[in-house]
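Have a look at the structure below before the remarks.
The values are calculated or read from the model by the stated rules, or taken from the named source; none is laboratory data. All values reported here derive from a predicted model rather than from experimental measurement. All Cβ positions, even for glycine, are placed from backbone atoms using ideal geometry, and neighbour counts span all protein chains on display. With ligands, DNA and RNA removed, areas are computed over all heavy atoms of the protein, side chains included. Shrake-Rupley method; radii C 1.70, N 1.55, O 1.52, S 1.80 Å.
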Amino acid sequence: MTLTSFYGDLLYQTDQYRLIKTHLSKIVDRMLEGLAENHSFIFKEINNYHPDHLGKPIDELNELHLSIEDCKTTIAYEYGYSNWETVLKLQDQYDQDFEKAVNFLVSGNFKELKKLIFKDPELVTKRSKYGPRATLLHYTTSNGVEMWRQKAPLNLPEMTQFLIDQGADRKCTMKVYGGDFDTFTLLKSSVHPFEAGIGEQMLTILQ
């Protein structure tokens, strides 16, 4: 089982929740179930995002008897918020077409991505409703966005060039890691595109 398969359809059910905070609360509940079931990928999610547990070994985390409060903090940081209290104050709703576009992008579904963008060209400059306010182009870097969306399909360079040709700005920044970073900078420190063998090609496109 993987992180994505564990959360399953819940990650994609943005149309079933009027407010983002309600959806994230459901993800927290599911994450707590993962802790109870002792899934290693949940501990990896925690040591990637929880500010008190960054980089801690899974064995060490397993001994801490982590709680729902730790899940709330982890999810808050993963989705770009400073704490869970900030999430609870959100009144934002999802942009459903943007969410669909991100999902098509990270899954390598170029055909559907093109159809959606030709229908709504403004998607290439729109931003995620999550804290970092990432654009579609930021998602191509597989860095700084939601953990389950950090993927590098082999046709990612082709899709990235398409987004730029449609008006996406390579110099736009998103708020992450305590600062504002453009796509080229995020790509340079990303793991997934280079593991997939497309990192150098992506650097040429985004520079």
What is the gain in length, in nm to one decimal, between residue 89 and residue 47 on full extension, counting 0.36 nm per residue of separation less the C-alpha to C-alpha distance?
12.6 nm
Could you compute the FRET efficiency for residue 188 and residue 62, with r as their C-beta to C-beta distance and R0 at 45 Å, rounded to 0.05?
0.85
Accessible surface of the chain [probe 1.4 Å, protein heavy atoms]: carbon and sulfur percent:
48
Over its alpha-carbon atoms, the range 35-166 yields an Rg and a Dmax in Å of 16.8, 51
Given pairs 129/175; 151/188; 21/151; 56/151; 21/72 and cut-off 18 Å on Cα-Cα distance, the over-length ones are 21/151; 56/151
Name the residues of the range 90-108 whose amide N is less than 15 Å from a point 7 angstrom out from the Cα of residue 115 along the C-beta direction?
97, 100-105, 108
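Sorted by mean Cβ packing within 10 Å, highest first, what order do the peptides 156-167, 125-136 take?
125-136, 156-167
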How large is the accessible surface per residue of the chain, computed with a 1.4 Å probe and reported in Å² as a whole number?
48
Can you give me the angle between helix 40-49 and the longest principal axis of the chain, using Cα atoms only, in degrees from 0 to 90, rounded to the nearest 10?
70
May I ask for the angle, rounded to the nearest 10°, between helix 110-119 and the longest principal axis of the chain, with both axes built from Cα atoms and the value confined to 0 to 90°?
70
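Once you have the Cα-Cα distance between residue 2 and residue 147, take 0.36 nm times their residue separation minus that, and quote the gain in nm to one decimal. Please report the intermediate quantities before stating the final value.
Numbers: separation 145, 0.36 × 145 = 52.20 nm, distance 1.17 nm.
Full extension of this stretch gives 51.0 nm more.
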Any idea how far the Cα center of the range 152-207 sits from the one of the range 59-86, in Å?
28
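Please give the FRET efficiency for residue 204 paired with residue 37, using the beta carbon to beta carbon distance and R0 = 41 Å, rounded to the nearest 0.05. Please list the in-between numbers first.
Numbers: r = 43 Å, r/R0 = 1.05.
The computed FRET efficiency comes out at 0.45.
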Principal axis lengths of the range 37-80 from Cα atoms, whole Å, largest first?
26, 19, 16
Cα convex hull of the range 142-205 - mean projected area over all directions, nm²:
4.2
The Rg/Rh figure for the range 48-117, Cα atoms and Kirkwood Rh, to two decimals is 1.14
